[in-house]
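One structure, as structure tokens, below. Some questions next.
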Amino acid sequence: MIPANYWEGTMTVEFEYPWITPGAICELSQFIQPHYDVLEFGSGGSTLFFARRCRSVTSFETLSPWYEKMKTVLSEKKIGNAKLVYATNIEDMLKNLGSSRFDVVLIDCVETSRVDLAMKSPSLAKPGGVVIVDNYRAEFCKGIDEFFRMKCTVQKSFDDLHWVGEGTKLYYLTGACSTQG
């Protein structure tokens, strides 16, 4: 159950839901599978949400205090299928991944990284995977839609007037397009 004031983002870890629009959460709840591997840039309620529903979660966090909090939360909740990594730049994140590929890639991290991460995300996703970008309509996400329009995707927008970034978008990668960088 998503509370009415969910958009404030104050209880996402406690409710174990991603801080993305409720429509996007409903969509995710319908298609994610227990055998999925998830990659997320930015940790929090989403880490717990995916860890409870999927095989594995690899989450990169760029904010040191939040990383420490999430480490504690994962330990207290005895969640063993979530790997939390502290990294301050994209290069370190990508080196850490090696050749791993994921069914779901969630981008909900520090604003300055989102466009770069979105453009690298098709090569991080398995064929047929999905890339999720929160706050996709915000100024700091400019260019992401255009990039994915050229990538053979099916796009679903979940907009909400209450939302800080005005919405969450899911980019469903189709076939071989997801492996092109």
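The values are calculated or read from the model by the stated rules, or taken from the named source; none is laboratory data. Keep in mind that what you see is a predicted model, and the values were worked out from it rather than measured. Positions of Cβ are generated from backbone atoms using ideal geometry, with glycine treated the same way; all protein chains shown enter the neighbour counts.
Are any residues in region 77-119 among the basic types (Lys, Arg) and surrounded by fewer than 16 Cβ atoms within 10 Å (Cβ to Cβ), and if so, which ones?
Residues satisfying the conditions are LYS77, LYS78, LYS83, LYS95.
Any residue in region 39-51 that is over 21 Å from LYS120 (Cβ atoms) sitting within a Cβ distance under 8 Å of a residue that is part of a strand (DSSP E or B)? List the pairs, counting only those 6 or more apart or interchain.
Short answer, once both residue conditions are applied: LEU48/ALA82; ALA51/VAL57; ALA51/ALA82.
Restricting region 121-154 to residues that are loosely packed, with under 15 Cβ neighbours inside 10 Å and in contact with a strand residue (DSSP E or B) (Cβ under 9 Å, 6 or more places away or on another chain), which is modelled with the lowest pLDDT?
Step by step, filter region 121-154, then rank; the result is ARG149.
Okay, moving on. Working carefully through the options SER178, SER157, find the one that is of a type in the set (Ser, Thr, Tyr), at pLDDT below 90 and in contact with a helix residue (DSSP H, G or I) (Cβ under 6 Å, 6 or more places away or on another chain).
SER178
Pairs, please: C-beta under 6 Å, at least 6 apart or cross-chain, first residue under 12 Å from GLU40 (Cβ atoms) and in region 77-97, second surrounded by fewer than 16 Cβ atoms within 10 Å (Cβ to Cβ) and of a type outside the set (A, V, I, L, M)?
Taking only residues 6 or more apart or on different chains, the pairs are LEU84/LYS71; VAL85/ASN96.
Sort through LYS95, LYS69, LYS78 and tell me the only one that's among the basic types (Lys, Arg), closer than 20 Å to LEU117 by Cα and out of contact with any Lys or Arg (no Cβ under 9 Å at 6 or more places or on another chain).
Answer to the check: LYS95.
Does region 37-53 hold any residues that are crowded, with 24+ Cβ neighbours inside 10 Å and assigned to a strand (DSSP E or B), and which are they?
Result: VAL38, LEU39, GLU40, PHE41.
Right, something else. Would you tally the residues in region 9-36 being crowded, with 23+ Cβ neighbours inside 10 Å and within 24 Å of THR88 (Cα to Cα)?
Result for region 9-36: 3.
Hey, another quick one. Within region 54-68, can you find the residues that are over 16 Å from VAL110 (Cβ atoms) and assigned to a helix (DSSP H, G or I)?
Within region 54-68, GLU68 is the sole residue that qualifies.
Find all pairs meeting these conditions: Cβ atoms under 6 angstrom apart; at least six residues apart or on different chains; first residue within region 156-174 and closer than 19 Å to VAL105 by Cα and buried (at least 22 other Cβ atoms within 10 Å of the Cβ); second residue at pLDDT 85 or above and among the aliphatic types (A, V, I, L, M).
Pairs that qualify, where the first residue is closer than 19 Å to VAL105 by Cα and buried (at least 22 other Cβ atoms within 10 Å of the Cβ) and the partner is at pLDDT 85 or above and among the aliphatic types (A, V, I, L, M), are THR168/ILE20; THR168/ALA24; LYS169/VAL133; LEU170/VAL130; LEU170/ILE132; TYR171/VAL131; LEU173/ALA125.
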